[in-house]
Each structure stands twice: as structure tokens, then as C-alpha cells.
Amino acid sequence: MATAKKQPILEVKHLVKYFGEREILKDIDFTVEQGNVISVIGASGSGKSTMLRCINLLEMPTSGEIVFEGKNILDLSNNIALYRTKVGMVFQSFNLFSNMTVLQNCMASPVTVLKRKKEEARQIAMKYLEKVGMEQYINARPDQLSGGQKQRVAIARALAIKPQILLFDEPTSALDPQMVGEVLGVMRELAEEGLTMIIVTHEMAFARDVSTRVIYMADGVIVEDGTPQEVFGNPKNEKTKDFLARFTQNA
Ligand SMILES: Nc1ncnc2c1ncn2[C@@H]1O[C@H](COP(=O)(O)OP(=O)(O)OP(=O)(O)O)[C@@H](O)[C@H]1O
Ligand SMILES: [Mg+2]
């Protein structure tokens, strides 16, 4: 059966990022299509977080283009606040508002950014809190929750703005091992529902089993970009082979 090529939702073109004199991202190019689940793997310091932060404009790229739905978001005319409602982010350290309840955390952006009425925002927040299994904790504050629970709330909060793409930066790296599964389970479900996601992760089994694509980065360069079968099963580049070999040794 012939499958039509999907419309790219995001195109990263010749992305370069310097911090001072150091070139951290070197001519990064890749395309994200609707429904892609892309795992980004690579050694510490290879530039994975910087790349995600550039995509979300938490860092300003030095040069290049980030084209979202056909428009270069680095154009000065672009509405950054609006863009950020379309490209959400989940962080390693949760970044929940500590002075707000779980429910308030999930209602904040729909009310302030999307201008939803409180009752509507509440319903949206409840829908996603139920989805991540946190509806029983709506009145809790973040410091009363486990790491896995906090991260599930952070995912619900990100979903409540109904992003077109959700970026994850090592969402399970700060968790105790017994809590990793509950968060990966939620992410797996989102992938199955067709949410477009870019996930920086060290969870190789998850990357292999859930992603539609895997990108391996080293020293600010995309060294390999392919299906999980290609990158894990038949890596072309020596650097990828070394990285994966070291990873399986240490696992
Ligand atoms: N704000 C900053 N100012 C200066 N240098 C930075 C800044 N942020 C990151 N760097 C440097 O950029 C390089 C890439 O960092 P980055 O955090 O993107 O790597 P990473 O692949 O996410 O690593 P990790 O797996 O440890 O999270 C590192 O050498 C880091 O020290
Ligand atoms: Mg990082």
C-alpha cells in the first residue's frame, strides 16, 4: 500500500548554537512529521538539551532556521508566546509551581495563555490528570508527591495546553528506579495515540520499542538518524557503535 508522505510539522535547518566561543550545535538538520516519536540519544554534553531548548526558544539559536507549520519561528514577526503553546516541554526536574496545587498547576496556562474560562480550564486539567492517573491528588502540592507522581502531573500540565509537539528532556532521569515505569507507561500511551514527541532519553529499551525514529548525537552533530531497527540493529557510524556498546556494557 502506498503511503503519502506526511507533511512536516517541524523542520530544523542548519541550526547552530554557540555559547561564548564554543560551538555547541553544529549544523543540525532534521525534520519531524506528524505522529513521529523521535528519541534523541547521545553522551552527556553532546548538545541534546541545548537542541531541545533551541526548538522551544528557551535558548536563542545563533543561526539557522526552525520552521514550524511552514513558518520560520526565528522571524522577528513570530509570536513566541503562541508558538510555546504549540510546542510544549517536560523537564527532568519537573519544574512544577511549588506554591500551587496539582490542579492549579494544570489550569495555569490554559487560563493565562489560552484565555480559557476557569471552569473550562478545570475540565481540561481534570481530563489530563485522569489520563496520567493523578486525579486523586488534585489538591496536593508538589512537595507532597513522589518523583513519578510529579512527573505525571508535569505531563498533564503540558498536555493541557494541547501542544502539537511535546518535547521531553530526560523525563525519567531524576526518578527512583521503581518510578521510571509509571512515567514511561504514560509516554508510551501518548505515543500510541499519535502525539508527536521528541524525547531526549537514556532509556534505550524505550527508545528502541516506542520510537518511530532514533537520532544519535555526538559533539553537537547528528551522527545517525534512522528507525530504531537501523540505529540499534545496524548502526552505520563507528561512533554510534561505540556509544551503544558502552551503553549495553554499563546497563
Ligand atoms: N547556558 C550555557 N552556557 C554555556 N555552556 C553551556 C550552557 N548550556 C550548555 N552548555 C554546554 O553545552 C554543551 C552541551 O550541553 P547540553 O546540556 O546540551 O548536553 P546534553 O547532551 O544535554 O548532556 P546531558 O546528557 O548531560 O544532559 C556542554 O558542554 C555544556 O557545558
Ligand atoms: Mg541534557
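No lab work stands behind these numbers, since they all come straight from the coordinates. None of these values were measured; they are calculated from a predicted model. Please note: Cβ atoms are built from the backbone with ideal geometry, for glycine as well, and neighbour counts cover all protein chains shown.
Observations on the structure shown:
- Over all other residues within a Cβ to Cβ distance under 12 Å of G147, the charged ones net out to -1, with Lys and Arg as +1 and Asp and Glu as -1.
- Expected 222 nm ellipticity per residue - DSSP helices of 4 or more, -39500 (n - 2.57), all of the chain, to 500: -11000 deg cm²/dmol
- Segment 97-144: trypsin sites (Lys or Arg not before Pro) falling in loop per DSSP and having at most 10 other Cβ within 10 Å: K115, K117
- Whole-Å semi-axes of segment 119-251's equivalent ellipsoid (Cα gyration tensor): 32, 16, 11
- When both bridge partners sit in the chain, DSSP labels roughly 55% of those beta bridges antiparallel.
- Potential lengthening of the chain between R188 and S77 amounts to 36.4 nm, from the contour at 0.36 nm per residue minus the alpha-carbon distance.
- Structural size metrics of the chain, computed from C-alpha coordinates, are Rg and Dmax of 18.2, 55 Å.
- When the Cα positions of T240, I199, L175 are compared along the charge dipole of segment 171-245, T240 comes out farthest toward the positive end, with charges on each C-beta of Lys, Arg, Asp and Glu.
- Net charge dipole, the chain: roughly 720 debye, given to the nearest 20, about the Cα centre with Cβ charges of +1 for Lys and Arg and -1 for Asp and Glu.
- Restraint check, K26/K131; K162/K239; K13/K150; K48/K131; K17/K127, Cα-Cα greater than 30 Å: K26/K131; K162/K239; K13/K150; K17/K127
- For segment 4-38 and segment 217-237, distance of Cα centres in Å: 15 Å
- With the simple model of a label 7 Å out from the Cα in the direction of the Cβ, T31 to E135 spans 4.1 nm.
- Peptides 57-64, 148-155, 241-248 ordered by average Cβ neighbours within 10 Å, highest first: 148-155, 57-64, 241-248
- Relative contact order, percent, segment 10-249 [alpha-carbon distance under 8 Å, six or more residues apart]: 27 percent
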